[in-house]
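Take a look at the structure set out below.
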Amino acid sequence: ELTKSVKKEVKQEKKVEDIRPYLLLSLQALGYTGSHFVKALEKIRENKSIVDQANTTFFTKLLRFIRNAFNIEEPPYEIPIIIQDPVTQAKKRYTVIWAEFESKLISKAMLFASFSSQSEGMKKKIRSATDKDILDVLSRNLAEANDFLNQLTGLDDFFKRERPEIRSKVQGIKIEITTIKNYIIKANQRRAEYMALAEEAEQLQDLGVD
């Protein structure tokens, strides 16, 4: 398995090329978030359906009928949420465009899951990629994972408070959020370890030490 082989490499005598396993462990940790992002999205999707049903009135039904009759496109479904910066703790208003958010998160969750895949295709891609390429992919996707995590947290809060009278029907995603957050933390730790070792290896090379 990837985890066992990676840990075995880390235990070997340190050489410049041996720091790569830290990158792979980081990528693997990020990969484990994929299925939890999907579970969180499924619950949020159900919550949206419940709230939509509660918000349906005669007027909204009439508007929908008119749009269908005249082939008028439905306006984008927008959800106003509050996002909190995990570093500064500052809060800001943000509007989630549902269709866009849902589509992007499904696509990204599948990509994340592929990082921890044991498929030959993914193994081949990783073997052929340079450390710099993997680090770039990792950094970019960790940033996106954090963005999606913040939006999911905001959506969770929104649906819990939108209609207090149906709060008992709304599913929370605290477990999924916590799990995703822990994997992101682990991925960031491994990435930081890699970068520190890479810097150390570079300094040793400058000193002529192999």
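The values are calculated or read from the model by the stated rules, or taken from the named source; none is laboratory data. All of these numbers come straight from a predicted model, not from anything done at the bench. Every residue, glycine among them, receives a Cβ derived from its backbone with ideal geometry; neighbour counts consider all protein chains shown. Ligands, DNA and RNA are stripped out before the accessible areas are found, and what is left, the full protein with its side chains, is counted by its heavy atoms. Shrake-Rupley method; radii C 1.70, N 1.55, O 1.52, S 1.80 Å.
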Exercise for review: Please enumerate the residues belonging to segment 31-87 that are farther than 16 Å from D156 by Cα and in contact with a Lys or Arg (Cβ under 7 Å, 6 or more places away or on another chain).
Suggested key: A54, E74
Review point. For segment 30-49, does any single residue satisfy the condition of being within 29 Å of N150 (Cα to Cα), exposed (fewer than 13 other Cβ atoms within 10 Å of the Cβ), at pLDDT below 80 and among the hydroxyl-bearing types (S, T, Y)?
Key: no
Revision key, fill the gap. Residues of segment 108-141 being surrounded by 14 or more Cβ atoms within 10 Å (Cβ to Cβ) and of a type in the set (A, V, I, L, M, F, W, C), in sequence order, are A109, L111, F112, A113, F115, M122, I126, A129, I134, L135, V137, L138
Check your understanding: Between residues in segment 179-197 that are over 13 Å from L25 (Cβ atoms) and residues that are in a helix (DSSP H, G or I) and not aliphatic (A, V, I, L, M), which pairs lie under 8 Å by C-beta distance while being six or more apart or on different chains?
Key -> T179/T33; T179/H36; I180/T33; I180/H36; I180/F37; I184/T33; I184/N146
Practice item. Report yes if some residue within segment 180-187 is β-branched (V, I, T) and closer than 15 Å to S139 by Cα; otherwise report no. Key: yes
Point to revise | Unmet requirement for S168, which otherwise passes all of (1) among the small types (G, A, S); (2) open to solvent by less than 70 Å² (accessible area, probe 1.4 Å); (3) part of a helix (DSSP H, G or I) | key: (2)
